[in-house]
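Shown next, in structure tokens, is the structure this report addresses.
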Amino acid sequence: MKKRFAALLLAGTLAMSTLAGCGGLEDSDVMATVGKEEITGNVANFFARYQQAMYEATYSSMLGDNMWETQIEAGKSYEETTKKNIMQSLEELYLIDQHKEDYNVSLTDEEKKKISDAADAFVKGNSEEAREMISGDKETIEKILTLLTVQNKMQPEMIKDVDQNVSDEEAAQKKMQYVYFPYSEDASAEDSSEEGETDTDTKDEAKTKADTFLKAVKEGKDFSKAAEEQGANASELTFDSSSQSLDEKVIKAADALKAGEMTDVIETDTGFYVVRLISDFDREATDSKKQQIIDQREQDRYDELLKEWKEDTEIKEYEKEWKKIDFVKQGVNVKAAETTEDTSENTEETTEENTEDTTQENSENTDAE
């Protein structure tokens, strides 16, 4: 989420959907401390409001107008859980910044100028009323952009010692072709449509189709055509023994095959499968798996370092102050700028590689509704 934040900040227009005030929040209020450093109200508010905007843009259509009040677990609303995650992300940015000298990371004069120019553009392009609602003054924006730029420069340093070598054996992927015949225990003749067919097969009907399909393929019929004749589709999947894309029984049976071999009908809780192994080593899928393994190693290393730093640093959160930032009473919308179509499609890649390169390419216009 924080990787997308900088580009969104610089490539969107902000609109306050409800101007309900900040609940008495002052810029100088201390929301949390990370070691001896304070996270003040202005920084927390600005960071939280943009994160809020991204959440609302992504999830409001699914969760509705009352998304922040939705209970996602006993006694905890979506707002509470999200704000907890936002504060944790902000604390991590401060931790990373505090350790930048350990990795000889600093901002160049050019990077500092781009950050300053971006902050000027934001202030110039947004109304005073809207900026007050989100603590969008130049100093605050510069602080956030500095933290994000440091984070983006620190990340490759933090993971540079991760082993990039993955053997074919460790990442090996096989390729299967399979047909699935689902059934419902509730399906019955009473569910018949006007054409006399049920929407869902009974268990017996699905089993008959699977058996008929298997017999046809064994007699030499094309795998895909035989599936179509039974109202099913043949699908392909690359996998290994730990894959969870299909039922465990199906993966286990497929993994035991040799290239060209086919299983008998496999019964699961939801349907019947027939699998044929196309290849016991898929080069493209194996290479993709290698990258996934490297990515996970890098993420694990990044997380380990943050965990170590948290354990070595006293972090305090002031819940009373943090509650003043209310997502229920004050909504925020961020709209992509017309001139940033290419940037918006690759937001994460752009900000991860070089956040500061985007800092003065896009200014924002903010409207209070």
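Residues in the range 43-67 that are open to solvent by 10 Å² or more (accessible area, probe 1.4 Å) and either assigned to a loop (DSSP other than H, G, I, E, B) or aromatic (F, W, Y) (or both): Y55, Y59, G64, D65, N66. Going residue by residue through the range 345-365, is there one that turns out to be crowded, with 16+ Cβ neighbours inside 10 Å, modelled with pLDDT of 75 or more and in a loop (DSSP other than H, G, I, E, B)? Within the range 345-365 (the criterion being crowded, with 16+ Cβ neighbours inside 10 Å, modelled with pLDDT of 75 or more and in a loop (DSSP other than H, G, I, E, B)), the answer is no, since none of the residues qualifies. Residue count for the range 96-121 under the criterion of being out of contact with any strand residue (DSSP E or B) (no Cβ under 8 Å at 6 or more places or on another chain), assigned to a helix (DSSP H, G or I), under 20 Å from Y302 (Cα atoms) and touching a residue at least 60 places away in the same chain (Cβ under 8 Å): the result is 1. Put simply, of I115, I86, I96, I72 the only residue that is hydrophobic (A, V, I, L, M, F, W, C) and within 22 Å of L25 (Cβ to Cβ) is I86.
The residues in the range 244-295 that are among the aromatic types (F, W, Y) and surrounded by 14 or more Cβ atoms within 10 Å (Cβ to Cβ) can be counted, and the count is 2. Among residues that are in a helix (DSSP H, G or I), open to solvent by 80 Å² or more (accessible area, probe 1.4 Å), closer than 22 Å to Q164 by Cα and modelled with pLDDT under 80, E341 is not included. Has the range 53-64 got any residue that is farther than 21 Å from E142 by Cβ and more than 18 Å from the chain's Cα centre (by Cα)? The answer is yes, given that some residue of the range 53-64 is farther than 21 Å from E142 by Cβ and more than 18 Å from the chain's Cα centre (by Cα). In the range 161-181, the residues that are within 30 Å of K207 (Cβ to Cβ) form Cβ pairs under 9 Å with partners that are in a loop (DSSP other than H, G, I, E, B) and at pLDDT below 95, at six or more places apart or across chains, as follows: F181/D201.
Based on what the data block shows, is K124 on the phi < 0 side of the Ramachandran plot and in a helix (DSSP H, G or I)? Show your work before the answer.
Working: on the phi < 0 side of the Ramachandran plot: yes; in a helix (DSSP H, G or I): yes.
The answer is yes for K124.
If you check K258, K252, K289, K323, which single one turns out to be charged (D, E, K, R) and under 30 Å from G24 (Cβ atoms)? Exactly one residue qualifies, and that residue is K323.
Taken over the range 241-262, the residue count meeting the criterion of being of a type in the set (S, T, N, Q) and touching a Lys or Arg at 6+ places or on another chain (Cβ under 8 Å) is 1. Test A121 against the criterion of being modelled with pLDDT of 90 or more and surrounded by 17 or more Cβ atoms within 10 Å (Cβ to Cβ), and give yes or no. Criteria not met by A121.
Does the range 299-322 contain any residue that is open to solvent by less than 50 Å² (accessible area, probe 1.4 Å), modelled with pLDDT of 75 or more, part of a loop (DSSP other than H, G, I, E, B) and not charged (D, E, K, R)? Working first, answer last.
Quick first cut of the range 299-322, residues open to solvent by less than 50 Å² (accessible area, probe 1.4 Å) only: 302, 305-306, 309, 313, 321-322.
Cutting the leftovers down to modelled with pLDDT of 75 or more gives us 302, 305-306, 309, 313, 321-322.
In the following step, the residues that additionally are part of a loop (DSSP other than H, G, I, E, B) were identified as 313.
Next, from what is left, pick out any that are not charged (D, E, K, R): 313.
So far as the range 299-322 goes, yes, one or more of its residues are open to solvent by less than 50 Å² (accessible area, probe 1.4 Å), modelled with pLDDT of 75 or more, part of a loop (DSSP other than H, G, I, E, B) and not charged (D, E, K, R).
From the list Q164, Q155, exactly one residue is part of a helix (DSSP H, G or I), under 28 Å from the mean Cα position of the chain (by Cα) and surrounded by fewer than 19 Cβ atoms within 10 Å (Cβ to Cβ). Which is it?
Details: Q164 fails: part of a helix (DSSP H, G or I).
The conditions single out Q155.
Can you say whether S116 is at pLDDT 95 or above, surrounded by fewer than 20 Cβ atoms within 10 Å (Cβ to Cβ) and either out of contact with any Leu (no Cβ under 6 Å at 6 or more places or on another chain) or charged (D, E, K, R) (or both), as far as the supplied structure shows? No; evaluated as a whole, the condition is false for this residue.
Among residues of the range 280-309 that are small (G, A, S), those with a beta-carbon under 6 Å from a residue that is buried (at least 16 other Cβ atoms within 10 Å of the Cβ) at least six positions away or on a different chain give the pairs A285/Q173; A285/T238.
Taking the criterion of being modelled with pLDDT under 95, surrounded by fewer than 18 Cβ atoms within 10 Å (Cβ to Cβ) and among the hydroxyl-bearing types (S, T, Y), the only residue of the range 71-113 that qualifies is T81. When residues in the range 26-65 are screened for being of a type in the set (S, T, N, Q) and without any contact (Cβ under 8 Å) to a residue 12 or more places away in the chain, 3 of them pass.
The values are calculated or read from the model by the stated rules, or taken from the named source; none is laboratory data. As the structure is a prediction and not an experimental result, all values here were calculated from the model. Note that each Cβ is placed from the backbone with ideal geometry, even for glycine, and that neighbours are counted across all protein chains shown. Surface accessibility is based on the protein's heavy atoms, side chains included, excluding ligands, DNA and RNA. Shrake-Rupley method; radii C 1.70, N 1.55, O 1.52, S 1.80 Å.
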